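Novice: Take a look at this one; I'll ask things after.
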Amino acid sequence: MSFLDKLASAIMPPETAEDRDNARRLAQAAAGNGDWLALVIDHHRQIEQHFSRALTAPDAQSRQSALKALQVLLTGHANAEESVLYPALADHGGKAHATMAYEEQAMTKVELALLEPLDPMGKAWREKLEHIQGAVLHHAYEEEGTWFPELQQNLPADERQRLTRRFLEEFDRYAQGGADETPWRATMQQAAESFGSDSAPGAR
């Protein structure tokens with residue numbers, strides 16, 4: 001079943017909330033302080049929050065504003081993964097996973113673009129956003145449950161540092177155009193500082 005078929009067939013992802021919680025715990029256990037995997041997990045949390053805000057906003061203007069913030073975060077996150085993490089995934093035995101991940105994120109971008117002209121207070125808008133939410137939750141579950149923890153395990157320390165640096169660069173290349181009050185800005189700054197400290201000469 002293609003990613004587009006998944007969007008069309010079901011709102012909720014096939015795994016349970018408990019499955020997703022377990023996958024996140026696995027990913028957190030594999031992540032280092034402020035490294036690329038920790039950044040991915042934090043982005044996933046914030047993406048979930050933005051979906052909730054968009055779906056529960058009381059009026060059209062606030063829904064559009066919440067959707068814009070979601071699009072900025074999702075697109076910046078996807079661009080960083082596609083430029084940095086998926087090539088690494090393919091290079092370390094996960095070519096099939098990387099190919100699937102590219103397809104899933106491309107279709108998410110398409111569906112988000114198709115959402116824009118719809119009435120944010122209409123049924124069609126809500127249903128499409130819920131379908132996208134379900135597909136994105138499943139995508140995050142795939143990454144956190146197996147793909148990224150396995151990649152982390154296979155990476156030497158210097159490659160983890162390189163991926164972290166490049167992930168930060170690629171995300172900020174897009175997301176720096178977003179609103180200054182967005183919560184990921186502070187998170188990325190903290191991660192950059194932590195990463196710089198950890199990778200400084202003499203750091204352990």
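None of the figures in this text is laboratory data; all of them are computed from the coordinates on show. Keep in mind that what you see is a predicted model, and the values were worked out from it rather than measured. Positions of Cβ are generated from backbone atoms using ideal geometry, with glycine treated the same way; all protein chains shown enter the neighbour counts.
Novice: Karplus couplings for segment 155-170 from phi (6.51 cos²θ - 1.76 cosθ + 1.60, θ = phi - 60°), rounded to Hz, Gly and Pro as x?
Specialist: 8, x, 4, 5, 6, 4, 5, 5, 5, 4, 4, 5, 4, 4, 5, 6
Novice: With just the Cα atoms defining each centre, how far is segment 23-69 from segment 87-101? Give it in Å.
Specialist: The distance from the Cα centre of segment 23-69 to that of segment 87-101 comes to 23 Å.
Novice: Only counting other Cβ atoms within 10 Å, I'd like 92, 43 sorted with the fewest neighbours first.
Specialist: 92, 43
Novice: Which of 136, 40 comes first, and how do the rest follow, when ranked by fewest Cβ neighbours within 10 Å?
Specialist: 40, 136
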